[in-house]
Amino acid sequence: MTSAAYDDNNIFAKILRGEIPSHRVYEDDQTVVFMDVMPQAPGHVLVVPKAASRNILDADPASLSHTITVVQKVANAVKEAFDADGVFIAQFNEPSAGQTVFHLHFHVIPRHEGVALKPHSGKMEDGAVLAANADKIRAELA
Ligand code: AMP
């Protein structure tokens, strides 16, 4: 079965264009990183390539290559910022795999020994908490 086409009205495309707000922690010429508004753990961020693709299946390999280096950089930053024991990286392709926003993104989530992850797309976090967590990550990346 073929996938649907990329829709540039998806919520991450709007965030990339600055049409709706986000708590950005990093940006370069090819990627933007911002806080997930329904974090599965404190410090949950999304690494989003600027190039339009629905998910990994239709992504441009050059953009993907750069994006994974940003995932690595941000994984180290959230691990330090939240004094985490480990980091969970997740990426979903198509609804059957759990994808809900159809612009490629990587979840980067600090993990602590014995602390369960909250549900995917669960509860909206308070804006002040997201802002404070974004500050911690920016400080680590600086
Ligand atoms: P998925 O497409 O299943 O990989 O997940 C999409 C993720 O985007 C979920 O973890 C949501 O909590 C998150 N999300 C949805 N809307 C926003 C938004 N406006 N800003 C930041 N994160 C969002």
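Every read-out reported here was derived from the displayed coordinates using simple, explicitly stated rules and does not represent laboratory data. In this text, all values refer to a predicted model and were calculated from it rather than measured experimentally. Neighbour counts run over all protein chains shown; Cβ positions are idealised from the backbone, glycine included.
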### Message
Looking at K123 and the list (1) closer than 18 Å to D7 by Cα; (2) part of a loop (DSSP other than H, G, I, E, B); (3) touching a residue at least 40 places away in the same chain (Cβ under 8 Å), which single condition is not satisfied?
### Response
(1)
### Condition check for S63: closer than 20 Å to R24 by Cα, part of a helix (DSSP H, G or I), without any contact (Cβ under 8 Å) to a residue 60 or more places away in the chain and over 15 Å from the mean Cα position of the chain (by Cα)
yes
### Task
Take V37 and decide whether it is out of contact with any Pro (no Cβ under 7 Å at 6 or more places or on another chain), within 14 Å of the ligand (Cβ to nearest atom) and part of a helix (DSSP H, G or I).
no
### Query
When you scan segment 81-100, how many residues do you find that are within 10 Å of the ligand (Cβ to nearest atom), within 11 Å of the chain's Cα centre (by Cα) and hydrophobic (A, V, I, L, M, F, W, C)?
1
#### Entry: Residues (among the polar types (S, T, N, Q) and away from the ligand (no atom under 13 Å from the Cβ)) located in segment 17-34
Q30, T31
### Residue within segment 17-27 that is crowded, with 17+ Cβ neighbours inside 10 Å, in contact with an Asp or Glu (Cβ under 8 Å, 6 or more places away or on another chain) and farther than 16 Å from A90 by Cα present
no
### Message
I need the full set of residues from segment 20-34 which are under 17 Å from N10 (Cβ atoms), under 15 Å from the mean Cα position of the chain (by Cα) and either basic (K, R) or in a loop (DSSP other than H, G, I, E, B) (or both), in order please.
### Response
P21, S22
### Close pairs (7 angstrom Cβ cut-off, 6 or more residues apart or separate chains): on the phi < 0 side of the Ramachandran plot in segment 67-82, acidic (D, E) and assigned to a helix (DSSP H, G or I) anywhere
A77/E140; E80/E140; A81/E140
### Query
Say we look at segment 49-60 and pick out the residues that are assigned to a loop (DSSP other than H, G, I, E, B) and of a type in the set (D, E, K, R); which of these is surrounded by the most Cβ atoms within 10 Å (Cβ to Cβ)?
R54
### Matching entry among L46, L104 (being crowded, with 20+ Cβ neighbours inside 10 Å, in contact (Cβ under 8 Å) with a residue 60 or more places away in the chain and not basic (K, R))
L46
### Task
Answer yes or no: is there a residue in segment 79-93 that is charged (D, E, K, R), surrounded by fewer than 19 Cβ atoms within 10 Å (Cβ to Cβ) and in contact with a strand residue (DSSP E or B) (Cβ under 7 Å, 6 or more places away or on another chain).
yes
### Summary
Residues of segment 40-60 being away from the ligand (no atom under 11 Å from the Cβ), within 19 Å of S121 (Cα to Cα) and either more than 12 Å from the chain's Cα centre (by Cα) or not small (G, A, S) (or both), in sequence order, are A41, P42, V47
